[in-house]
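Here the structure comes first, spelled out in structure tokens, and everything after it is commentary.
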Amino acid sequence: VQLQASGGGLVQAGGSLRLSCAASGRTFSRYSMGWFRQAPGKEREFVAVIKWGDGFTRYGDSVKGRFTISRDSAKNTVYLTMNSLKPEDTAVYSCAARQSALVTTALRSYPYWGQGTLVTVSS
């Protein structure tokens, strides 16, 4: 499984960004795809997850109502659309995959990881 994250950058508070995670190497219909982030000096935390098969989603409390995870099966790509960004959203965002239809927020449950993409939100 190969995961390639992209779309990070510098944005002002209140702005929006869309991250992409291009997946390859498998048929992902029975996978769950997650986004995690790690801010400077902090532990990696769960952001959002989507079940590839039925599109079920779950979000971390700090991003509910602002972030949306989605997938495009034709492109084998998962997206994280981030609105109303705050300086505290500044972090390296990474996508991850696990071969399971069960949704989990535990990063240890994800064996496949892409490289991170940096999101910086200025105040």
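Rule-based calculations on the coordinates, nothing more; no lab input. For clarity, every value in this text was computed on a predicted model and none was experimentally measured. Please note: Cβ atoms are built from the backbone with ideal geometry, for glycine as well, and neighbour counts cover all protein chains shown.
Overview of results
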{"read-out": "At R0 = 41 Å, FRET efficiency that the Cβ-Cβ distance of GLN99 and SER123 yields, to 0.05", "value": "0.55"}
{"read-out": "Length-normalised contact order of the chain in % [C-alpha pairs under 8 Å, at least 6 apart]", "value": "36 percent"}
{"read-out": "Full-stretch length increase - THR27, GLN12 - with 0.36 nm per residue and alpha-carbon distance subtracted", "value": "1.7 nm"}
{"read-out": "Fraction of antiparallel bridges per DSSP, the chain only, in percent to nearest 5", "value": "90 percent"}
{"read-out": "Full-extension gain in nm, ASN76 to LEU107, via 0.36 nm per residue minus C-alpha separation", "value": "9.0 nm"}
{"read-out": "Under the Karplus curve 6.51 cos²θ - 1.76 cosθ + 1.60, θ = phi - 60°, whole-Hz ³J(HN,Hα) for segment 111-123, x wherever Gly or Pro sits", "value": "x, 10, 9, x, 6, x, 10, 7, 10, 10, 10, 8, 8"}
{"read-out": "Amide proton proximity set for GLY9, modelled H, under 5 Å, gap of 5+", "value": "VAL119, THR120"}
{"read-out": "Sequence-distant lysines (8 or more away, or on other chains) whose Cα lies within less than 23 Å of LYS86", "value": "LYS42, LYS64"}
{"read-out": "Inter-site label distance for THR68 and GLN2 at 7 Å from Cα along Cβ, in nm", "value": "3.0 nm"}
{"read-out": "Segment 70-76 - phi-based ³J(HN,Hα) in whole Hz, Karplus 6.51/-1.76/1.60, Gly and Pro as x", "value": "8, 9, 10, 5, 5, 9, 6"}
{"read-out": "Test item: Cα-centred dipole of the chain, Lys/Arg +1 and Asp/Glu -1 on Cβ, debye", "value": "260 debye"}
